[in-house]
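Structure, as structure tokens:
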Amino acid sequence: MALTDENLDAMEVGPPLGHHPLVAQPHTDREGPIAEAEREAALLATVDRPLGQPGAPLNRRSPFIIGLTGAAGVAVTYVLFQVVVSAHQALVLIGLGLFGAMGLEPAVSYLARRWLPRWAAVTVVVAGLAVLVGGFLAAAIVPLATQSSALAQEAPRLLQQIHDRSTVLGQLYDRFQLQQRLEHLLSGDTSALLTGIFGAGAVVFSLVTSVVVVLVLTVYFLASLPMIRAVLYRFVPASRRPRAVLIGDAVFAKVGAYVLGTGILAVIVGLGTFIWLEIFHVPYALTLAILVGLLDLIPVIGSTLGGLIVSLVALTVSWPVALATAAFYVGYRFFEDYLLVPTIIGRTVKVPSALTVVAVLLGGVLLGVVGALVAIPTAAAVLLIVREVVFPRLDRA
């Protein structure tokens, strides 16, 4: 087609080349949308919300969002599982520190409600606990050293009693063939024996380190427990938050009452053991009292196991003293279960007996001694949630 003046005029009609929508705009025009978004952002920012109001949520029914959410859920679950498996020891220490903080929280709350600000209440409670533990250690080191020296001096006489078949220790020694077992152990591979010794040293070092870590975590958690509580409640939707606060505070109260009450019971049984052994002149009274107090922290079987150990040590005195010691622990068990536990712990932690045994067994299988220690308060918390949340929802359904 020939180009005429009319055609040339028609081609010149329309937007200039620089303003055509398919042609790249100049640099100043390309910054236009960003500048506009910045102006809108400046209008959205307020004093109360410097980052603006949250936008509308994504369409949850979109196939892409559904698939992305499912894939993300699987990935997060897998990562969390790997984290739990890899860091289970650290998580156990963190849990023990949190339980310790819950146990001291009633004392801190009492002081904070009455006379002191919270930071001062935490300082007083931690300092008081440190003074008690330090005073106990200072008072116990000298007797423990004395008893250890006495044990070393008493070793020849004990060995003589062991080889004398007319004594109780000699009969037990002969019955269970302890000499042959000891000779077999010492005649074995020396490297295996040294490995066992070094392994025992590593276990002791790990235990001491874990105790220190738990104590430090307890202090930090105790100082920041209100903040932890508030952060946990923020994960609950606002419509259900008041109910979650009530249930969560009840769980905190149950755990705190159990931890504090268990510590008091351990002190009582330790003092009772020390007094009993001193009256009947059973050796190593302080060492055995500390051992029984620590074992009493394990529910259901702790005090029974401690009583069995002390009764066996009492055999070194006489059969009547050993039988009286066993009867003492049987009577104390009934006294603790039917008087001390309801009085000290009260009805704050109320778990059926069958559920207590099941919880202790499961906790012991899963986490060993630590699992047995935290089994009952955990069962109490789960029972409260089931009774207050799960059962009402099932009844409505």
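The values are calculated or read from the model by the stated rules, or taken from the named source; none is laboratory data. On a predicted model such as this, the values are computed, not experimentally measured, just so you know. Note: ideal-geometry Cβ built from the backbone for every residue, glycine included; neighbour counts use all protein chains shown. What goes into the accessible areas is simple: the full protein's heavy atoms, side chains included, and nothing from ligands, DNA or RNA. Shrake-Rupley method; radii C 1.70, N 1.55, O 1.52, S 1.80 Å.
What are the pairs, 6+ residues apart or on separate chains, where a residue within segment 57-84 that is within 30 Å of Gly95 (Cα to Cα) has its Cβ under 7 Å from a residue that is among the hydrophobic types (A, V, I, L, M, F, W, C)?
Val84/Leu91
Identify all residues within segment 51-65 that are part of a loop (DSSP other than H, G, I, E, B) and open to solvent by 90 Å² or more (accessible area, probe 1.4 Å); write none if there are none. It would help to see each step written out before you state the result.
So in segment 51-65, the residues part of a loop (DSSP other than H, G, I, E, B) come out as 51-62.
Result: Leu51, Gln53, Pro54, Ala56, Pro57, Leu58, Asn59, Arg60, Arg61.
Somewhere in segment 307-316, is a residue open to solvent by 30 Å² or more (accessible area, probe 1.4 Å) and assigned to a loop (DSSP other than H, G, I, E, B)? Reasoning before the result, please.
We begin by selecting, within segment 307-316, every residue open to solvent by 30 Å² or more (accessible area, probe 1.4 Å); these are 308-309, 312-313, 316.
Going one step further and asking which of them are assigned to a loop (DSSP other than H, G, I, E, B), we end up with 316.
Yes - at least one qualifying residue is present in segment 307-316.
Just the residues that are polar (S, T, N, Q) and open to solvent by 20 Å² or more (accessible area, probe 1.4 Å), please, taken from segment 317-327. Spell out how you get there, then give the answer.
Of the residues in segment 317-327, the ones polar (S, T, N, Q) are 318, 325.
If the condition is that a residue be polar (S, T, N, Q) and open to solvent by 20 Å² or more (accessible area, probe 1.4 Å), then Ser318 is the only one that fits.
Would you confirm whether or not segment 330-345 contains a residue that is among the hydrophobic types (A, V, I, L, M, F, W, C), open to solvent by 50 Å² or more (accessible area, probe 1.4 Å), touching a residue at least 60 places away in the same chain (Cβ under 8 Å) and closer than 23 Å to Gly103 by Cα? Walk me through it before giving the result.
Taking segment 330-345 as the starting set, the residues that turn out to be among the hydrophobic types (A, V, I, L, M, F, W, C) are 330, 334-335, 339-341, 344-345.
Subsequent filtering for residues that are open to solvent by 50 Å² or more (accessible area, probe 1.4 Å) retains 330, 334-335, 339, 344.
Cutting the leftovers down to touching a residue at least 60 places away in the same chain (Cβ under 8 Å) gives us 344.
Now narrow it down to the ones that are closer than 23 Å to Gly103 by Cα: 344.
Yes - at least one qualifying residue is present in segment 330-345.
To keep it simple, each residue is scored yes or no on (1) touching a residue at least 40 places away in the same chain (Cβ under 8 Å); (2) crowded, with 18+ Cβ neighbours inside 10 Å; (3) charged (D, E, K, R); (4) touching a Gly at 6+ places or on another chain (Cβ under 9 Å).
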{"residue": "Val211", "(1), (2), (3), (4)": "no, no, no, no"}
{"residue": "Phe221", "(1), (2), (3), (4)": "yes, yes, no, yes"}
{"residue": "Arg241", "(1), (2), (3), (4)": "no, no, yes, no"}
{"residue": "Ala244", "(1), (2), (3), (4)": "no, no, no, no"}
{"residue": "Lys254", "(1), (2), (3), (4)": "yes, yes, yes, no"}
{"residue": "Thr273", "(1), (2), (3), (4)": "no, yes, no, yes"}
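Residue-by-condition table, conditions (1) aromatic (Phe, Trp, Tyr); (2) on the phi > 0 side of the Ramachandran plot; (3) at pLDDT below 85:
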{"site": "Thr209", "(1), (2), (3)": "no, no, yes"}
{"site": "Val219", "(1), (2), (3)": "no, no, no"}
{"site": "Tyr233", "(1), (2), (3)": "yes, no, no"}
{"site": "Ala238", "(1), (2), (3)": "no, no, no"}
{"site": "Val245", "(1), (2), (3)": "no, no, no"}
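Of Leu286, Leu297, Leu367, Leu373, which residue is open to solvent by less than 40 Å² (accessible area, probe 1.4 Å) and in contact (Cβ under 8 Å) with a residue 60 or more places away in the chain?
Values: Leu297 fails: open to solvent by less than 40 Å² (accessible area, probe 1.4 Å); Leu367 fails: open to solvent by less than 40 Å² (accessible area, probe 1.4 Å); Leu373 fails: open to solvent by less than 40 Å² (accessible area, probe 1.4 Å).
Leu286 is the lone residue from the list that is open to solvent by less than 40 Å² (accessible area, probe 1.4 Å) and in contact (Cβ under 8 Å) with a residue 60 or more places away in the chain.
Can you tell me which residue is nearest to Leu373 (Cα to Cα) among those in segment 294-330 that are in contact with a Ser or Thr (Cβ under 8 Å, 6 or more places away or on another chain) and modelled with pLDDT under 80?
Ranking the qualifying residues of segment 294-330, first place goes to Pro299.
So, in segment 90-117, how many residues would count as being under 23 Å from the mean Cα position of the chain (by Cα), open to solvent by less than 60 Å² (accessible area, probe 1.4 Å) and of a type outside the set (Ser, Thr, Tyr)?
Residues in segment 90-117 being under 23 Å from the mean Cα position of the chain (by Cα), open to solvent by less than 60 Å² (accessible area, probe 1.4 Å) and of a type outside the set (Ser, Thr, Tyr): 17 in total.
The rows are residues; the columns are (1) open to solvent by 80 Å² or more (accessible area, probe 1.4 Å); (2) in a loop (DSSP other than H, G, I, E, B); (3) modelled with pLDDT of 80 or more.
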residue: Ile34; (1), (2), (3): yes, no, no
residue: Thr46; (1), (2), (3): no, yes, no
residue: Arg49; (1), (2), (3): yes, yes, no
residue: Phe81; (1), (2), (3): yes, no, yes
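Quick grid of which residues meet (1) modelled with pLDDT under 75; (2) part of a helix (DSSP H, G or I); (3) open to solvent by 70 Å² or more (accessible area, probe 1.4 Å):
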| residue | (1), (2), (3) |
| --- | --- |
| Thr348 | yes, no, no |
| Leu362 | no, yes, yes |
| Pro377 | no, yes, no |
| Ala380 | no, yes, no |
| Leu384 | no, yes, no |
| Arg387 | no, yes, yes |
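Let's see how each residue does on (1) of a type outside the set (Phe, Trp, Tyr); (2) farther than 22 Å from Trp119 by Cα:
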position: Leu207; (1), (2): yes, yes
position: Leu222; (1), (2): yes, no
position: Val231; (1), (2): yes, no
position: Ala244; (1), (2): yes, yes
position: Gly248; (1), (2): yes, yes
position: Val251; (1), (2): yes, yes
position: Leu260; (1), (2): yes, no
position: Val269; (1), (2): yes, yes
position: Phe274; (1), (2): no, yes
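Mind listing whichever residues of segment 83-101 are of a type in the set (A, V, I, L, M) and at pLDDT 80 or above?
Of segment 83-101, the ones of a type in the set (A, V, I, L, M) are 83-85, 87, 90-94, 96, 98, 101.
The answer is Val83, Ala90, Leu91, Val92, Leu93, Ile94, Leu96, Leu98, Ala101.
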